[in-house]
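The values are calculated or read from the model by the stated rules, or taken from the named source; none is laboratory data. Everything quoted here is computed from the prediction, not taken from an experiment. Cβ: placed from backbone, ideal geometry, glycine included. Neighbour counts: every protein chain shown. Just so you know, the surface numbers come from the protein's heavy atoms only, side chains and all, with ligands and any DNA or RNA stripped out. Shrake-Rupley method; radii C 1.70, N 1.55, O 1.52, S 1.80 Å.
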Amino acid sequence: MENKTLLIARDIKKNFYRAGKNSNYFTAVENLDFDLKAGLLTEITGRSGSGKSTLLNMFAGLLTPSQGKIFIDDKDIYSLSEDERSILRNKKIGLIPQGHTALLSLSVLENVLLPYILYNKDTPPVEKATEMLEKVGLASLMNSKPNELSGGELRRLAIARAMLMESDIILADEPTAGLDTQNTIQVLTLLKDAAKKGSAVLLITHEEEAKNFADKIYTMDGGRLN
């Protein structure tokens with residue numbers, strides 16, 4: 001049985017405009033089509049600056065393509081308002097962005113619960129959030145503030161937060177950056193397990209070990225996906 005396609009991109013392209021250059025724009029992502037399928041961990045690798053993060057941010061509804069369309073649940077996500085897109089992202093996408101996005105005023109546990117609290121009036125799933133923190137090795141730090149965590153611990157916090165909702169689509173941008181071997185394997189295993197449970201997982205990575213977990217591997221170079 002063929003895996004269901006959960007995200008569809010058609011003829012998407014991204015140009016960035018710049019001043020003071022001979023050419024007034026550069027193309028970060030060349031025209032491409034892409035399908036992200038349930039039950040698979042799809043890896044995109046490539047050199048820094050090749051367009052990988054730009055592509056992921058377009059898929060996440062954070063960066064409007066210069067042309068083309070991206071569909072989730074048969075909806076062109078860039079035909080939605082920003083508020084509608086935020087709600088869709090919260091319901092459908094677990095996003096692990098580059099960098100550290102924790103809110104410093106909240107505890108580690110509160111940061112993990114934040115995506116749920118934003119759009120739900122029900123009692124927050126504290127037990128489930130605690131289990132996620134245990135899986136990424138942060139249970140002992142659940143009451144700490146983000147400024148007490150190392151860079152690697154902040155990455156693992158972001159992973160726990162993205163995985164809490166068991167989203168249909170998981171978009172992970174260099175989730176193992178700054179992690180040691182043991183934690184890298186732990187994170188890749190979590191992503192693989194999510195795919196096995198039916199999520200469509202997209203992993204942007206330079207991590208050599210990731211190829212042992214991926215079902216599909218693409219290489220991006222100069223904005224082109226191969």
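Summary table
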quantity	calculated
Orientation-averaged projected area, Cα convex hull of the stretch 78-226 (nm²)	10.0
The stretch 52-107 - Kirkwood radius from inverse mean 1/r over Cα pairs (Å)	12.5
Cα radius of gyration and Dmax for the stretch 1-149 (Å)	18.4, 56
Compactness index (Cα Rg / 2.2 N^0.38 Å), the stretch 1-87	1.20
Percent of C-alpha pairs per 10 Å bin, the stretch 95-161, short to long	23, 59, 17, 0
Accessible area of the stretch 140-226 belonging to carbon and sulfur atoms, whole % at 1.4 Å probe	43
Accessible area in square angstrom per residue, the stretch 55-175, 1.4 angstrom probe	48
Cα convex hull of the stretch 159-226 - mean projected area over all directions, nm²	4.9
Karplus-derived HN-Hα couplings along the stretch 71-88 (A = 6.51, B = -1.76, C = 1.60, θ = phi - 60°), whole Hz, x at Gly and Pro	10, 10, 6, 6, 10, 6, 5, 8, 8, 8, 5, 4, 5, 5, 5, 5, 5, 4
HN-Hα J in Hz across the stretch 156-169 - Karplus 6.51, -1.76, 1.60, θ = phi - 60°, x for Gly and Pro	5, 4, 4, 5, 4, 5, 5, 8, 4, 7, 6, 5, 4, 10
Label-point separation in nm, Leu80 to Arg10, each point 7 Å along Cα→Cβ	1.8
